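A.B. asks: Pasting in a structure now, in structure tokens, and then I'll have a few things to ask.
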Amino acid sequence: MIFRPALAALPIALLLASCGGNVVPPGRAAPVRSSTPPTRTTVPRPAPIQRPTAQIQMAPGLEGVIGADALQLGRVFGTPRLDVIEDDARKLQWTGTACILDVYLYPQASNARPTATYVEARRSDGRDVDRAACVAALRKVQ
């Protein structure tokens, strides 16, 4: 067969053809490249979002927790089991046989250190526990 060598050379020819640069077909003018740099459009940054201030949960038995920062809470409860930071919020968690305590910290003013504003308490099976009782149960002996 005469076509077999021609078919074998076809992939090589296609490969070589793909290696070429910008080839201008006959009868067409080559594109003119401008010597001036392209203009850039400046888009203004959006105004910073004003974050709402966190609502502070005040309840009897939470004194020394609400308003405390992470270092102060560490002195009260020890090293947290969980320390999660998301954006400007922080969640610290302590566990014991009596309950699981989650303390949420938020900054109260711009550039302020986050302080505890909210507390949740539950049993290991998920049922709610009195927050003040959980705080008292998990407090380190002073």
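Values quoted throughout were computed directly from the atomic coordinates according to the rules given, and no laboratory measurement underlies them. The structure displayed is predicted, hence computed values, not measured ones. All Cβ positions, even for glycine, are placed from backbone atoms using ideal geometry, and neighbour counts span all protein chains on display.
A.B. asks: Just give me the residues in the range 124-142 being surrounded by 13 or more Cβ atoms within 10 Å (Cβ to Cβ) and either in a loop (DSSP other than H, G, I, E, B) or of a type in the set (A, V, I, L, M) (or both), in sequence order.
C.D. replies: Val129, Asp130, Ala132, Ala133, Val135, Ala137, Leu138, Arg139
A.B. asks: Pairs, please: C-beta under 6 Å, at least 6 apart or cross-chain, first residue surrounded by fewer than 16 Cβ atoms within 10 Å (Cβ to Cβ) and in the range 76-92, second in a loop (DSSP other than H, G, I, E, B) and of a type in the set (D, E, K, R)?
C.D. replies: Taking only residues 6 or more apart or on different chains, the pairs are Gly78/Lys140.
A.B. asks: So which residues in the range 91-120 are within 24 Å of Ala133 (Cβ to Cβ) and charged (D, E, K, R), if there are any at all?
C.D. replies: Answer for the range 91-120, where residues must be within 24 Å of Ala133 (Cβ to Cβ) and charged (D, E, K, R): Lys91, Asp102, Glu120.
A.B. asks: Could you run through the range 93-109 and say how many residues are closer than 23 Å to Gly126 by Cβ and not in a strand (DSSP E or B)?
C.D. replies: Total meeting the criteria: 4.
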